[in-house]
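Remarks on the structure that follows.
Read-outs throughout are calculated quantities, based only on the coordinates presented, and are distinct from any laboratory measurement. Everything numeric in this text was worked out from a predicted model, so none of it was measured. Cβ sites come from the backbone with ideal geometry, for glycine too, and all protein chains shown count toward neighbours.
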Amino acid sequence: MDIYVGRQPILNRKDEVIGYELLYRSGEQNVYNAIDGDRATIDVLVNSFMNIGIERLTNGARCFINFTETLLKRGLPFYFPKHLIVVEILESIPYSDELLNICRKLKKEGYMIALDDFVCSNQYIPLLPYVDIIKIDLSNQTNDHDFKYYIEQYNIKLLAEKVETKEQLEQAKKEGFCYFQGYFFSKPIVIKEKALPKMSHASHLTLIQQMNKNELEFEEVVQTIESDPTLTYRLLKAVNASFISYSPKIKSIRHAAILLGTNQLKSWLTVLALQEPNEPFKNEIIVNSLIRAKTLEQLADLIHLRDEKDVLFFMGICSSLDLLLQRPLQEILQELHVDEAIQHGLNGQKSMYSILYHLVIALETNDTNKLKEITTTLNIDLSKAFAIYQQSIEWVVELQKDIQVK
């Protein structure tokens, strides 16, 4: 299964791309198949930030995203980095004091606000002090002098939508538009990516329970993420989005969570919890990732690398990302800024991590010659290695039972 996001560039008067509008798409056809607006926006956000990766979609430029009235009231824009998004308020959202307060808070927190498909109406005038950009459909443009007064008073930039000809572009420039979007520059391009399985029902339920607590129980959340490789991958994408100008090397799931911090971690996971869950552990790749991770974690105890347990568990989770995403593993690990020692361990460069990883692969395949060679090198009992592998399988089986109970 694949996921899709539409992307259309927005340019300035110098024909430089200053951002992209991100659009819901359900397939390679460049059309919007009408679904619930809330669900469409959540899918765009999750797919852009936690599946494909916002850095791949926008190269660091801002993304313009439509937010429905419901999602604005839930505070969803605040869960995303203010330097990466422009909050588009749909023309279908009626004015209210609550909407005014949301705009006031967004502006105070440093978010950019755009009014989408704006048609001058007195009811929206109270919002204008907090608005940065007004998007105007050139085919539905009005000549309202009072409206132009407010534009100048609040230094609002105008964005011309549906620019389809050079003549329209030149006319819009003469009329003072600063930004431009439309087929004259580019139709929306549909970006396709291999879909990562959604989180399990158990992870979904656990996350909702944890997000509803007054204070986030950090260790509980880390354990939830560790039990679901799809959550791990999305956590790494969240770290990348938050550190777009500086990319720390990630050593473990706990390390990634610490980098985000409690507030941001809660924000990202709350957004993920809004997506529909998947059936529990139907993907054998996920099951195998967990077995590898648990085996590596227990081997760390056996060879007195207890301080490396988190790192080795993380390495096991990362080891199957190429099968999940159907892309080269090295490319994925570099994109996620995984610590180089883990990358070397998985790509075969000789190190203790690579020796342990090859031991796990030998246990999986029951490669007796390789098992004897590696256990001799590590000076460990082969029967203990087998016992650890069996315990790891049993741990995943118990995890599946817990999920079925939930």
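Table for the structure above
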item	result
5 angstrom amide H check on Phe64, placed H, neighbours 5+ away	Tyr20, Glu21, Leu22, Val86
Full-stretch length increase - His304, Asn369 - with 0.36 nm per residue and alpha-carbon distance subtracted	21.0 nm
Likely footprinting exposure, Tyr149, Tyr353, Tyr20, fewest C-beta neighbours within 10 Å first	Tyr149, Tyr353, Tyr20
Ranked packing of 248-258, 9-19, 164-174, most packed first, by mean Cβ within 10 Å	248-258, 9-19, 164-174
Antiparallel %, DSSP beta bridges [both residues in the chain], to 5	40 percent
Contact order relative to length of the range 1-92, as percent, for alpha carbon pairs under 8 angstrom and 6 or more apart	25 percent
Proximal lysines relative to Lys108, as straight alpha-carbon distance under 29 Å, when same-chain residues fewer than 8 apart are discounted	Lys73, Lys82, Lys135, Lys148, Lys157, Lys213, Lys237, Lys266
Three-way shape label, the range 197-406, alpha-carbon gyration tensor, a/c 1.5	prolate
The chain, helix-only ellipticity at 222 nm - DSSP H runs n ≥ 4, -39,500 (n - 2.57), divided by all residues, nearest 500	-15000 deg cm²/dmol
Likely footprinting exposure, Met50, Met199, fewest C-beta neighbours within 10 Å first	Met50, Met199
Bridge type composition, the range 2-194 - antiparallel percent by DSSP, nearest 5	40 percent
Contact order normalised by residue count of the range 2-194, Cα under 8 Å, 6+ apart, percent	25 percent
Residue exposure sequence - Glu109, Glu69, Glu21 - by fewest surrounding Cβ within 10 Å	Glu109, Glu69, Glu21
Pairwise centroid distance, computed over Cα atoms, of the range 316-333 with the range 29-108, Å	29 Å
The range 44-89 - percent relative contact order, Cα under 8 Å, separation 6 or more	41 percent
Normalised alpha carbon radius of gyration of the range 290-406 [divisor 2.2 N^0.38 Å]	1.07
P(r) histogram, all alpha-carbon pairs of the chain included - 20 Å bins from 0, percent	25, 48, 22, 5, 0
